[in-house]
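The values are calculated or read from the model by the stated rules, or taken from the named source; none is laboratory data. Here the structure is a predicted model, which is why all the values come from computation and not from measurement. We place every Cβ from the backbone using ideal geometry, glycine too, and count neighbours over all the protein chains shown. Note: accessible area is taken over every heavy atom of the protein model, side chains too, but ligands, DNA and RNA are not part of it. Shrake-Rupley method; radii C 1.70, N 1.55, O 1.52, S 1.80 Å.
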Amino acid sequence: MIEKRGGIVLTSLLHQIPPFLPTPGEAMVMTVELPPGDAGTPPHRHSGPVFGYMLEGEMVFELEGEPERIIRAGEAFWEPGGDVIHYQAGNNLADAWSRFVVVMVGVPGEPMLTIVEEEELLARRDRRAPRPTP
């Protein structure tokens, strides 16, 4: 949605009602820069919802229960956080950096990102969408 207010143009990139917001909560804004071909962070979860915007490049993005997809420069994305595993956030480009901005909402005193152990990944493998065939 594009809205004009005087000489200012506001473009809505994403409108999402998260399933929860931690109370009390804290927010963190970060840039993430992935070198060419980098697989990104191993499977993990966040203590609260995460909202992001792809500045440049392409990211392979996969959340538990959803098929992987490619997020391209100029696109917004989000994940609910909590118990949902974030499997992939890797650079889809072998010859260029990819960069994005994230706003993470979390629980004070808890890590914003927790790596998921292999045992839990195996126990929840039925929740992962089928992998694409090469």
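Order of 80-86, 55-61 by packing, highest average Cβ count within 10 Å first?
Result, highest mean first: 55-61, 80-86.
Counting Lys +1, Arg +1, Asp -1, Glu -1, what net charge surrounds Val32 among other residues with beta carbon under 11 Å of its beta carbon?
That sum, taken over residues with Cβ under 11 Å, equals -1.
Please state the equivalent ellipsoid semi-axes for the chain: what are the square roots of 5 times the Cα gyration tensor eigenvalues, largest first, in whole Å?
Working through the eigenvalues yields semi-axes of 25, 21, 14 Å.
For the pair Leu13 and Asp83, what calculated FRET efficiency results from E = 1/(1 + (r/R0)^6), where r is the Cβ-Cβ distance and R0 = 30 Å, to the nearest 0.05?
0.70
Please compute the contact order of the chain in relative form: average sequence separation of alpha-carbon pairs under 8 Å and at least six residues apart, divided by the residue count, as a percent.
Reported relative contact order: 33 percent.
Classify the stretch 1-80: rounded, prolate or oblate, from the alpha-carbon gyration tensor (a ≥ b ≥ c, eigenvalue square roots; a/c under 1.5 rounded; otherwise prolate if a/b is larger than b/c)?
oblate
Could you work out how far apart the two model spin labels at Leu55 and Thr114 are, taking each label as a point 7 Å from the Cα in the direction of the beta carbon, and quote it in nm?
So the label points at Leu55 and Thr114 sit 2.9 nm apart.
Taking all protein chains in place and a 1.4 Å probe, what share, in percent, of the accessible surface of the chain do carbon and sulfur account for?
Looking at the chain in its full context, I get 58 percent from C and S.
Multiply the residue gap between Arg127 and Glu33 by 0.36 nm, knock off their C-alpha separation, and tell me the result in nm, one decimal place.
Fully extending the segment from Arg127 to Glu33 adds 31.0 nm.
Ignoring ligands, DNA and RNA, what accessible area per residue does the chain give at 1.4 Å, in Å²?
60
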